[in-house]
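K.L.:
Shown below is the structure under consideration.
The values are calculated or read from the model by the stated rules, or taken from the named source; none is laboratory data. The shown structure was predicted, so the numbers you read here are calculated from the model rather than taken from an experiment. Note that each Cβ is placed from the backbone with ideal geometry, even for glycine, and that neighbours are counted across all protein chains shown. In case anyone asks, the SASA skips ligands and DNA or RNA and just uses the protein heavy atoms, side chains included. Shrake-Rupley method; radii C 1.70, N 1.55, O 1.52, S 1.80 Å.
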Amino acid sequence: NGDVKSLLCNFSTLDAASAFQASKEKLVCNICEEAAAAHRCLECSEFFCDDCCRPHRKMKATRDHNVQTIAEFKEEPVLRTFRKTYCPTHPEPKEMHELTLCCKTCDHKPICYDCIVIDHKDHDYGFLHQLAQDQRAEISALLAEVRERGDVSRAAMTRIAACCQDVTERQASAEAEIDALFNQAYDTLRARQKEALNTVHMLMKEKQKTLEAQAEALATFQSSLSSSTSYVHRMLGSGSDAEVMLSKPVLIQRLKELQQQECVLEPAASADLWVDQDSQSLYSVIAGFGAVHALNVDAGRCTAEGAGLSGTQILDMPSEFVVTLRDAEG
């Protein structure tokens, strides 16, 4: 909504900045303000020298506090109790309004002592450091669950990456299969084409031979007929009566032989030949030839039905049921 004040404070960044600044300065005891700091109280966020730390450890109010050595602090300086947090509702004086209480009624909201008198009067509250332990445990449990989801999502990412690799590899192999399939089909069509052309060649060659033999027989007949009729014509035109009468039996016999000789006058073969061009059936086959299918199962749309489902939890007992797989389109 554009309100910068509504943004959450990044305590981790502030702690890191404060720890970095402290690492650049000489750490002095916050009690005597003279001796070098040797310890640090996590609850009080104060530095102590060796002498001032002893009573702090023995006092009833502070003997249960966690005290850290300076060496430990330098190894891991970013700690949650390094900086005190003050009430935003009562900013002045700041030192008098540290957030040390927690309102249970207001969803464990951190408050100061003035808050319980004004804004949180009659509310149920407790000490912040005590209630924070339970809240930390609750948040930690939720954090563990969320991190577990992170592990699951990372495993899913690994599977998806492997599946992507499988898809890439399968694409290459499928393309090779399609190339091989269509190359084989192409070779088969080419072979069939060659076979059909050879059939045409043989059929037409046979027709050609038949017609050539018929033409040769007719040519022989035509030659014999021409020579015989020419001879008879000359005999009748230039021969004497005696010669015609003497040659008559031979002439009559020859002419009758030519007259009665059987000849195939119509072509014994024709150019008729047809090619089966039922291309529609071929095209319908080609339309589905090499069809590619992919299976994308949507687990949320799949169902299992049947009476056998009730017996699937009994070991060593066979059961029958129907699993229906559906894609994203149902």
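K.L.:
How tilted is helix 279-288 with respect to the longest principal axis of the chain? Cα atoms for both, answer in degrees (0 to 90, nearest 10).
P.N.:
Between helix and principal axis, roughly 20 degrees.
K.L.:
For the chain, what's the relative contact order in percent, using C-alpha pairs closer than 8 Å and at least 6 residues apart?
P.N.:
Relative contact order for the chain comes out at 7 percent.
K.L.:
Quick check: residue separation of Ala144 and Asp327 times 0.36 nm, minus the Cα distance between them. What number comes out in nm?
P.N.:
Details: separation 183, 0.36 × 183 = 65.88 nm, distance 3.43 nm.
Net length gain for the segment: 62.4 nm.
K.L.:
Rolling a 1.4 angstrom probe over the protein chains, ignoring ligands and nucleic acids, what is the accessible area of Leu42 in square angstrom, nearest 10?
P.N.:
About 40 Å², ignoring ligands and nucleic acids.
K.L.:
What is the calculated FRET efficiency for Arg170 to Lys194, with r their C-beta to C-beta distance and R₀ = 35 Å, to the nearest 0.05?
P.N.:
With R0 = 35 Å, the Cβ-Cβ based efficiency is 0.45.
K.L.:
I'd like to check one number: the per residue accessible area of the chain, probe 1.4 Å, reported in Å² as a whole number.
P.N.:
Normalised by residue count, the accessible surface of the chain is 79 Å².
K.L.:
Subtract the Cα-Cα distance of Asp276 and Ser247 from 0.36 nm times their separation in residues, and report this length gain in nm to one decimal. Don't skip to the answer; put the middle values down first.
P.N.:
Working: separation 29, 0.36 × 29 = 10.44 nm, distance 6.15 nm.
Additional length available on full extension: 4.3 nm.
K.L.:
Kindly express, to the nearest 10 degrees and within the range 0 to 90, the angle between helix 128-238's C-alpha long axis and the longest C-alpha principal axis of the chain.
P.N.:
It is inclined by approximately 10 degrees.
K.L.:
Separate question: So for region 222-327, what percent of the C-alpha to C-alpha distances run longer than 24 Å?
P.N.:
I get 70 percent for the Cα pairs in region 222-327 exceeding 24 Å.
K.L.:
Ignoring ligands, DNA and RNA, what percent of the accessible area of the chain is carbon or sulfur (1.4 Å)?
P.N.:
56
K.L.:
If you don't mind, there's one more thing I want to ask. Any chance you could run the full-extension gain for Cys302 through Leu265? It's 0.36 nm times the residue separation minus the Cα-Cα distance, nm to one decimal.
P.N.:
5.4 nm
K.L.:
Now, a different point. What order, most packed first, do the peptides 129-135, 58-64 have when packing is the mean number of other Cβ atoms within 10 Å of each residue?
P.N.:
129-135, 58-64
K.L.:
In nm, to one decimal, how far is the modelled label at Lys74 from the one at Asp51, with both set 7 Å along Cα→Cβ?
P.N.:
In this crude spin-label approximation the distance works out to 2.3 nm.
K.L.:
Taking the Cα atoms only, what angle lies between the long axis of helix 241-260 and the longest principal axis of the chain, rounded to 10 degrees?
P.N.:
20
K.L.:
Quote the FRET efficiency, to the nearest 0.05, computed for Ser227 versus Leu203 with a Förster distance R0 of 45 Å and r equal to the Cβ-Cβ distance.
P.N.:
About 0.75, to the nearest 0.05.
K.L.:
Sticking with this structure for a sec: If packing is taken as the average number of other Cβ atoms within 10 Å across a peptide's residues, how do 210-216, 184-190 rank, most packed first?
P.N.:
My ranking of the peptides, most packed first, is 210-216, 184-190.
K.L.:
Please compute, for the alpha-carbon atoms of the chain, the extent along each of the three principal axes and give them in descending order in Å.
P.N.:
180, 59, 47
K.L.:
Could you work out how far apart the two model spin labels at Ala219 and Met59 are, taking each label as a point 7 Å from the Cα in the direction of the beta carbon, and quote it in nm?
P.N.:
Each label point lies 7 Å from its Cα, and together they span 14.1 nm.
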